[in-house]
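What follows is a short report on a single structure.
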Amino acid sequence: MNGLYESIFVNPWPWWVGGLIIGILVPLLYYSENTALGVSTGYGSVIKLLRPRSRLKWLNSKSFEEGPGWRIFFLGGMILGAFISARLGGRPLLTGEMGIFTATVSWSPLATALFFAVGGFFLGLGARIAGGCTSGHSIHGLANLQISSVVATIGFLAAGTFTTYLVRVFILGGGG
Amino acid sequence: MGRNTTFLILGTVFGFTLSRVGASEYDLIYGMFTGTDLTLAWVMITAIIIGHFGMRLLNLAGGKTRRGEKVSVKAKPLKSITIVGGLIMGVGWGLSGACPGTVLAQLGEGKFIALGTIAGLVLGTYTYALLVERGSDSPG
């Protein structure tokens, strides 16, 4: 039984298991709530939660007519699910590691977090202009053969590849 | 089961899966974009194919939700600015080694640097709301 526990909760899953479950979520979200899989609009719900009386047009558009709404529960669930995964997998409760980045760069945690915040800013702004992120466009949109998702995904991958090249050469010193 | 409970459970499944398959690992995103580890590319390709045939199956079964409503898939509009947004988002993906979904899995796992990425995401989304206020782009 020990081997079974480890392969479910400790060792990383093979790619096809993850792809299978994430793929099933697309029709399952429609079947249960008639909703498209998507995450990035949820950050608008977070703002709605922090500033419920904001008069900004976008924060009062159709996506937020119920207030912060269901998206907060979906995003909260995602944090909870990963928390459960880390606990059952025996991972540390808190860690400042970020893979090869923190292993190579010897910045303070605050400086590292600020650098990642710049990345987050582009993620948030870009996803809204594109109308979705990896979940909404690249998984849900491509699964439903939507042309705008093809365009957005080409943008994600092209800029992601180029930016990672710059990070590799100029920040990680060409390592990796 | 209520709407919010359903979203909480499905979100938990999503976050758990992202964490177990390693989508919350900086190195796997980095490996995908440098071509040295394509695990996450295969995860996405599998998810797209399964999602596609899952939707076909749902339609074959009558295209109804569990409450009997007709399933409605709204196409995201293609605008000339979609590619610009895609490129901006991609820059963020490369810089942070996360996307708006996987960063939540990072936080849940206790990777506190993710708080920086999330703060940036909220700020970037707020900036979009300010741009909509000034510009002619219709709120979406």
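Projecting the Cα atoms of A:I72, A:L29, A:S7 onto the charge dipole of the stretch A:1-95, computed from C-beta unit charges around the Cα centre, puts A:I72 farthest toward the positive end. With unit charges on the beta carbons (Lys and Arg positive, Asp and Glu negative) and the dipole taken about the Cα centre of the protein assembly as shown, which residue among B:L121, B:G63, A:A113 sits farthest to the positive side? Of the options given, the answer is B:G63. Per residue of peptide A:56-64, the mean number of Cβ atoms on other chains within 10 Å of the residue Cβ is 5. Summing Cβ point charges (Lys, Arg +1; Asp, Glu -1) relative to the Cα centre of the protein assembly as shown gives a dipole of roughly 1020 debye.
Which of the DSSP-defined H helices in chain B satisfy a minimum axial length of 18 Å, computed from C-alpha atoms, and a minimum mean Kyte-Doolittle hydropathy of -0.5? Walk me through the numbers before you get to the answer.
Numbers: long enough: B:3-21 (27 Å, 0.83); B:39-60 (31 Å, 1.51); B:82-96 (21 Å, 1.50); B:114-134 (30 Å, 1.11).
Span-like helices, by this rule, are B:3-21, B:39-60, B:82-96, B:114-134.
Inter-chain Cβ neighbour count for A:41-49, averaged per residue, equals 4 (cutoff 10 Å, partner chain atoms only). Projecting the Cα atoms of A:L88, A:G38, B:N4 onto the charge dipole of the protein assembly as shown, computed from C-beta unit charges around the Cα centre, puts B:N4 farthest toward the positive end. Our coupling estimate for the stretch A:114-130, obtained by passing each phi through the Karplus curve with A = 6.51, B = -1.76, C = 1.60 and θ = phi - 60°, is 5, 4, 5, 5, 4, x, x, 4, 5, 4, x, 5, x, 4, 5, 5, 6 Hz, Gly and Pro reported as x. A convex hull fitted to the Cα coordinates of chain A yields 166 cubic angstrom per residue. Helix content alone sets the calculated 222 nm mean residue ellipticity of chain B: runs of n ≥ 4 DSSP H residues at -39500 (n - 2.57) each, divided across all residues, give -22000 deg cm²/dmol.
Could you order A:Y165, B:Y30 by accessible surface area, starting with the largest, using a probe radius of 1.4 Å?
Greatest to least solvent exposure: A:Y165, B:Y30.
Taking amide H atoms as placed 1.01 Å from N in the peptide plane, the amide H of B:K111 lies under 5 Å from those of A:T95, each 5 or more residues away in sequence or on another chain.
Pairs of Cα atoms in the stretch A:78-122 fall into 5 Å distance bins, from 0 up to the last occupied one, in shares of 5, 17, 21, 19, 21, 15, 2 percent. When shorter helices are ignored and each DSSP H run of at least 4 residues is given -39500 (n - 2.57), the per-residue value for chain A at 222 nm works out to -19000 deg cm²/dmol.
For the stretch A:98-176, the spread of Cα positions along the three principal axes, ordered from largest to smallest, is 43, 23, 17 Å. Between the amide H of A:M98 and those of A:A103, distances stay under 5 Å, these residues lying 5 or more places away or on another chain, with hydrogens modeled in the peptide plane.
Relative contact order for chain A: what percent, with Cα pairs under 8 Å and sequence separation of 6 or more? Write out the running numbers ahead of the final one.
On the way: 100 pairs, mean separation 43.9, N = 176.
Across chain A, relative contact order equals 25 percent.
The amide H of B:K64, built 1.01 Å from its N in the peptide plane, has B:V71 as neighbours under 5 Å, considering only residues 5 or more places off or on other chains.
Classify the protein assembly as shown: rounded, prolate or oblate, from the alpha-carbon gyration tensor (a ≥ b ≥ c, eigenvalue square roots; a/c under 1.5 rounded; otherwise prolate if a/b is larger than b/c)?
Values: a/c = 1.43, a/b = 1.12, b/c = 1.28.
Because its axes are fairly even, with a/c under 1.5, the protein assembly as shown counts as rounded.
Please say if the stretch B:55-96 is rounded, prolate or oblate, where rounded means a/c under 1.5 for a ≥ b ≥ c the square roots of the C-alpha gyration tensor eigenvalues, and otherwise the choice is prolate for a/b larger than b/c and oblate otherwise? Here the stretch B:55-96 falls in the prolate category. Largest GNM mean-square fluctuation across A:L145, A:L110, A:L25, computed for chain A with C-alpha springs under 10 Å, falls on A:L110. Enclosing the Cα atoms of the stretch B:8-140 in their convex hull gives a volume equal to 155 cubic angstrom per residue.
Separation of the stretch A:16-73 and the stretch A:134-176, taken as the distance between their Cα centroids, equals 22 angstrom. Each Lys and Arg adds +1 at its Cβ and each Asp and Glu adds -1 at its Cβ; summed about the Cα centre, the stretch A:1-95 shows a dipole of about 560 debye.
A simple charge model with +1 on the Cβ of Lys and Arg, -1 on the Cβ of Asp and Glu and nothing else charged puts the dipole of the stretch B:6-140 at about 700 debye relative to its Cα centre. For peptide A:144-150, the mean count of partner chain Cβ atoms within 10 Å of a residue's Cβ comes to 6. Note: relative contact order over chain B, using C-alpha pairs below 8 Å and six or more positions apart, is 27 percent.
Could I get the Rg over Rh figure for the stretch B:86-140? Both from C-alpha atoms, Rh via Kirkwood, rounded to two places. Before the final figure, lay out each step's value.
Numbers: Rg = 13.0 Å, Rh = 12.3 Å.
Taking Rh as the inverse mean 1/r over Cα pairs, Rg/Rh reads 1.06.
Using a Debye calculation, one point per C-alpha and no hydration shell, please list log10 I(q)/I(0) for the stretch A:1-95 at q = 0.13 Å⁻¹ in order. Each listed q corresponds, in turn, to -0.64.
The values are calculated or read from the model by the stated rules, or taken from the named source; none is laboratory data. The structure presented is a predicted model; accordingly, all values stated were derived computationally and were not measured. A quick note on method: Cβ atoms are made from the backbone with ideal geometry, for glycine too, and the neighbour counts reach across all protein chains shown. Quick note on the areas: whole protein, heavy atoms, side chains included, nothing else; ligands and nucleic acids left out. Shrake-Rupley method; radii C 1.70, N 1.55, O 1.52, S 1.80 Å.
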